[in-house]
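Some notes on the structure that comes next.
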Amino acid sequence: MHHKQWPSPALTILFLAASLCTADTLRLDPPVHLSNGSEFTTWQDTTAFTQTFHVDASHPAASDDNPGTEDKPFKTINRAAQVLQPAQRVLVKSGTYREFIRPRNGGTGPDRMISYEAAPGATVIIKGSRLVTTGWQPSAHDSAPARPGIWMLRLDPEWFPGNENPFLIENASKEDIDVMPWAVEWTGKLPYTLVRGLVFQNEQRLTQVPAYKDLESPGTYWVDRPAAVLHVHTLAAMRPDAARIEITTQQHLLMPEKTDLGYIRIKGFTFEHAGNGLPRTGVGAVYTNGGHHWIIEDNVVRQAHSVGIEIGARTDETRAGRRADTERAEANPGRMIVRNNEIRDCGTGGIQGLRIKHALVERNHIHHCGWMDVQRYWETGAIKLLLNDDTLVRANHIHDITAAPAIWMDYNNRNTRVSGNLIYNVSSINGAIFMEASQVPNLVDNNIVINTTGSAIYQHDCDELTIAHNLIIDCTKHAVEMRICQGRMVNGRLSTCKRNTVVNNLFIRAARGTWFLDDDNSADRNIFAECGPEFDFAAWKAKGFAANSRTAKIAAAFDPATQTLTWSTPDTLPNVPAAPACTHDY
């Protein structure tokens, strides 16, 4: 009997080393190589801060007119965001801060960063919502009589910064979908025509319904947009003035005033209650607005209507702005680090971005995302990064994801590696790990993927992809599925699915085994254990995909509570040579 204890995201065996610590050349320990053989390097904050500002909303003398000292602190974080200069930081004391943070400046290098930090031991909660205790009346609509248990509230424009009321903005308007032609079939349809605002009763998220007549069940709400009135059917028949009702008042919680700010650190905060929408760019609750060289670490991001953290260089895909935005994003150096964050209960996904360069996304705990159930507009994922260059996604703990992949590396990925992630309880039509439309080498290795509704590792329109040393247990479709979107153009040529390699994987109870649309691929040294009757191992071997592969009897069980995998086999499993770049197992 063998036991493997998966380390918690905060205790992964992969740590940053201090050798070769010039800018952007910090090596990992142990070293990590990408699919083209080059070594992945990153960077670190080396700033000796010259000044520290303080924010403490509960301090009796707190005021944004103060100098921001510990005895005369600022009242809001956004006040600090307006004055911070390179090599300065702000420490925030415990409290709930209902505000929109708009950093004005960035740092100028790893030794002159700007840092936003929760004070040591502090619990800092940043909310994009308003607590509404007054103004409620019994609900009435279209001359209908008041309905028991349903209340209404007029939405005061003064509650919404910048006059952007999430309760009056559709999830995805026709203008939004015009820049996402793959989603055109959803124009004018539910749930895309619902609004972005969220309602919480005693910290529990309520459910939006599309019409007044649908307010039958407790815990639902509807928005009369022409009248700017919110109608809520409360839980447990509570009067809203006796409950704790919070409504989102903004789409973002933190967003720089302008694009391309660099060398900013965000550390130790809890961000929650963002009423953001479904466009592909510009929607993150924590939104770097096309920045570069950020470190986002040790935060909690939860209860966002769509995306938790957005890190891409692209910010504007509208017809008017896309050309200039593309040119700007091409010059962006990237180098984002997102690590050790917990991201949960987000409607479409956890970490997202378009145009990603040299990013390190590691040790994040992402769970219970995808509740909006909009996967068929093709922009959902616990981690969904597009146009990736030299990017490493590793050691993330992802589970209980619905209507979204756990990791989706989308389109024209180059020299990107997805490695050592623990993934379980994922339901997605695109697989738990999805690599899309890439024509040069990329690597998916050493991931543990358990209990997938759908395929565990899925790709379409990819060439030169290596899938190696992965452990797949219990998937309802294929352990590895490779397809082509017929007629699709990628980089000026029809997409293909050729010269991909699947080696050294262990597939246990994969209902349909493995499947390639094109035979111009290779697979070998894989172990198939108790795969379903739909998978014909003999036929697979006859196609030349299993010269050194074999079947085996393997019993395997996984306990999510302890993250412990237990497995045993009466068979002798072979030792095999490692695939290139795979120097460490799991």
- Note on the structure: Taking placed amide H atoms and a strict 5 Å upper bound, the residues 5 or more places from residue 115 or on another chain that come that close are 88, 89, 90, 265
- Note on the structure: On the accessible surface of the stretch 461-586, probed at 1.4 Å with all protein chains in place, carbon and sulfur together account for a percent value of 52 percent
- Expressed to one decimal in nm², the mean projection of the alpha carbon convex hull of the chain is 28.0 nm²
- Accessible-area composition of the stretch 149-236, carbon plus sulfur, in percent [1.4 Å probe]: 54 percent
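With a sphere of radius 14 Å drawn around the Cβ of residue 265, what net charge do the other residues whose Cβ falls strictly inside it have (Lys, Arg +1; Asp, Glu -1)? Write out the running numbers ahead of the final one.
Working: positive: 89, 112, 267, 335, 339; negative: 45, 111, 117, 297, 298.
Overall, the nearby charge balance is 0.
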- To one decimal place, what Kirkwood hydrodynamic radius in Å is obtained for the stretch 172-306 from all pairs of distinct Cα atoms? 16.8 Å
- Mind checking the angle between helix 322-331 and the chain's longest principal axis? C-alpha axes, 0 to 90 degrees, to the nearest 10. 70 degrees
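Say the cut-off is 29 Å between C-alpha atoms; which of 75/267; 189/267; 267/477; 174/267; 189/258; 477/553 go over it?
On the way: 75/267 19 Å; 189/267 39 Å; 267/477 40 Å; 174/267 37 Å; 189/258 33 Å; 477/553 20 Å.
Flagged as over cut-off: 189/267; 267/477; 174/267; 189/258.
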- Query: Separation of the stretch 339-411 and the stretch 103-117 by C-alpha centroid, Å?
  - Reply: 26 Å
- Item | Solvent-accessible area, 1.4 Å probe, carbon plus sulfur percent, for the stretch 324-411 | 49 percent
- Ordering of 281-288, 306-313, 498-505, 419-426 by burial proxy (mean other Cβ atoms within 10 Å per residue, highest first): 306-313, 281-288, 419-426, 498-505
- Note on the structure: Whole-Å distance linking the alpha carbon centroid of the stretch 296-313 with that of the stretch 45-88 is 23 Å
- Cα pair distances exceeding 22 angstrom across the stretch 322-422, given as percent: 28 percent
- Task: Sort the following peptides by mean Cβ neighbour count (other Cβ atoms within 10 Å, averaged over residues), highest first: 400-410, 187-197.
- Result: 400-410, 187-197
- If one puts a single equal scatterer on every Cα of the stretch 52-127 and applies the Debye formula without solvent, what log₁₀ I(q)/I(0) results at q = 0.15 Å⁻¹? -0.45
- Task: Hey, can you find the accessible area per residue of the chain for me, probe 1.4 Å, expressed in square angstrom?
- Result: 38 Å²
- Quick tally, 1.4 Å probe accessible area for 342, 70, sorted with the most first, runs 70, 342
- Distance in Å, no decimals, from the C-alpha centre of the stretch 481-529 to the one of the stretch 464-478 is 10 Å
- Query: Measuring from a point 7 Å past the Cα of residue 241 along Cα-to-C-beta, which residues in the stretch 127-144 have an amide N at less than 14 Å?
  - Reply: 132-139
- Message: Quick check: residue separation of residue 204 and residue 517 times 0.36 nm, minus the Cα distance between them. What number comes out in nm?
- Response: 108.2 nm
- Can you tell me the order of 253-262, 199-208 when each peptide is scored by its average per-residue count of other Cβ atoms within 10 angstrom, highest first? 253-262, 199-208
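Taking Cα pairs under 8 Å and at least six residues apart, what relative contact order does the chain come out at, in percent? Could you put the intermediate results ahead of the total?
On the way: 1740 pairs, mean separation 53.6, N = 586.
Relative contact order, the chain: 9 percent.
The values are calculated or read from the model by the stated rules, or taken from the named source; none is laboratory data. Just so we're clear, the structure is a prediction, and the values are computed from it rather than from any experiment. Glycine also receives a Cβ, built like all others from the backbone with ideal geometry; neighbour counts cover every protein chain displayed. In case anyone asks, the SASA skips ligands and DNA or RNA and just uses the protein heavy atoms, side chains included. Shrake-Rupley method; radii C 1.70, N 1.55, O 1.52, S 1.80 Å.
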